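The structure under discussion appears below in the form of structure tokens.
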Amino acid sequence: MSKRIIGPVSHTFFSQRMRLHYTDWGNSGAHPLLLIHGGRDHGRSWDWIAQQFSNEWHVMVPDLRGHGDSDWVEDGNYEMAAYLYDLDQLIHQQKLAPVTIISHSLGGNIALRYSGLYPRNVRAIVAIEGLGLSPKMQAELRERPLSDRLKSWISKRRDLAGRSPKKYASMDSAIKRMTEENQHLSEEMATHLTVHGVNQNEDGTFSWKFDNYVRSWPAYDMPEKDIQGLWSEIECPTLLIHGLESWASDPSNDGRSKFFRNPEVVGFKGAGHWVHHDCPDEFVSAVKNFFDSHGLPG
């Protein structure tokens, strides 16, 4: 019997007593390919990309903790170290190493650090705007006294604690909000992202699946030099992607690409932060060319 399946199958794994969700697109005999989404997103946002790679790869797509169909953290603290542990748990439990990774934003931030932490576990990595704040934004943040930054974090946390999940009266109104967030989206894509990104409440309204606390970045993160040190430990082929209409800066211009051994940097016209949504065909073509140039997935 063929190992191919029609559409993704849901699975769970456990990490730090949490039940985390991932989808498996079949083709289990092929090389593993993880697709890791960004903040306030969910794994099914990769469906168009997963379909394009599922014939040659064993595609698996996790929901990060606090996102999609994965558990929320009880205390609302989403630490980078915990995200790294979750990723390592999935790779360890499913015996995926060495794995290839395509990632976006928060997912790229996690995946790049992981690739430096365990360089032999990763065959190649593609990161869409996964470097975090630009050096300019980082410098502006550092200019603020620590006391101000901590007070701001406390204030935002208190605000989130008092905020109930936003309720939308209909699926159409939730889709409208999705479109407002990213005006590059087609109607089909906005509908798909919304349908898989909301739960229906008992009163018939709809709310986003992600935990509101993921909106708050931890008060402390790894020092910038340590993060750059992890990037420098990455041994595998690395493709850094950014949208030319995004808030994120070009890593080849802002100096961050120098911390990688042999990075390839590509900017996409007509794309903002969600490059894989804004120009999916061009994105898939660029990634496949990158893989082919490095003899992947063979």
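Computed values, structure above
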{"item": "Residue satisfying condition, being surrounded by fewer than 18 Cβ atoms within 10 Å (Cβ to Cβ) and farther than 30 Å from residue 162 by Cα, within set 32, 135", "result": "135"}
{"item": "Failed item, numbered, when residue 154 is tested on (1) touching a Gly at 6+ places or on another chain (Cβ under 9 Å); (2) surrounded by fewer than 14 Cβ atoms within 10 Å (Cβ to Cβ); (3) more than 30 Å from residue 253 (Cβ to Cβ)", "result": "(1)"}
{"item": "All positions within the range 51-99 that are surrounded by fewer than 22 Cβ atoms within 10 Å (Cβ to Cβ), touching a residue at least 40 places away in the same chain (Cβ under 8 Å) and out of contact with any strand residue (DSSP E or B) (no Cβ under 9 Å at 6 or more places or on another chain)", "result": "52, 76, 77, 79, 80"}
{"item": "Test result for residue 40, surrounded by fewer than 20 Cβ atoms within 10 Å (Cβ to Cβ), within 13 Å of the chain's Cα centre (by Cα) and of a type in the set (D, E, K, R)", "result": "yes"}
{"item": "Leading residue by the ranking (nearest to residue 69 (Cα to Cα)) among those in the range 208-221 that are modelled with pLDDT of 95 or more and among the hydrophobic types (A, V, I, L, M, F, W, C)", "result": "210"}
{"item": "Scan of the range 53-69 for residues that are of a type outside the set (Gly, Ala, Ser) and over 18 Å from the mean Cα position of the chain (by Cα), ordered by number", "result": "55, 56, 57, 58"}
{"item": "Single residue of the range 65-101 satisfying the filter (touching a helix residue (DSSP H, G or I) at 6+ places or on another chain (Cβ under 9 Å) and of a type in the set (S, T, N, Q)) that is modelled with the lowest pLDDT", "result": "77"}
{"item": "Verdict on residue 70 being assigned to a loop (DSSP other than H, G, I, E, B) and under 30 Å from residue 161 (Cα atoms)", "result": "yes"}
{"item": "Qualifying residues in the range 98-138 (those that are in a helix (DSSP H, G or I) and among the aliphatic types (A, V, I, L, M)) - the one farthest from residue 282 (Cα to Cα)", "result": "117"}
{"item": "Residue check, residue 209 of a type in the set (Lys, Arg) and more than 23 Å from residue 40 (Cα to Cα)", "result": "no"}
{"item": "Near pairs, Cβ below 6 angstrom, 6+ apart or cross-chain, from the range 253-267 (assigned to a strand (DSSP E or B)) to any residue that is aliphatic (A, V, I, L, M)", "result": "263/240; 264/239; 265/240; 266/241; 266/286; 267/244"}
{"item": "Residue within the range 164-175 that is β-branched (Val, Ile, Thr) and either within 20 Å of the chain's Cα centre (by Cα) or surrounded by 14 or more Cβ atoms within 10 Å (Cβ to Cβ) (or both) present", "result": "yes"}
{"item": "Complete set of residues in the range 268-287 that are closer than 19 Å to residue 55 by Cβ and either free of Cβ contacts under 8 Å to residues at least 40 places away in the same chain or not in a helix (DSSP H, G or I) (or both)", "result": "281, 285"}
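Yes/no matrix, rows are residues, columns are (1) among the β-branched types (Val, Ile, Thr); (2) touching a helix residue (DSSP H, G or I) at 6+ places or on another chain (Cβ under 9 Å); (3) free of Cβ contacts under 8 Å to residues at least 40 places away in the same chain:
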| site | (1), (2), (3) |
| --- | --- |
| 164 | no, yes, yes |
| 167 | no, no, no |
| 180 | no, no, yes |
| 184 | no, yes, no |
| 188 | no, no, yes |
| 191 | yes, yes, yes |
| 197 | no, yes, no |
| 202 | no, no, yes |
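The values are calculated or read from the model by the stated rules, or taken from the named source; none is laboratory data. It should be emphasised that the depicted structure is a prediction, and the values quoted were computed from it without experimental measurement. Neighbour counts run over all protein chains shown; Cβ positions are idealised from the backbone, glycine included.
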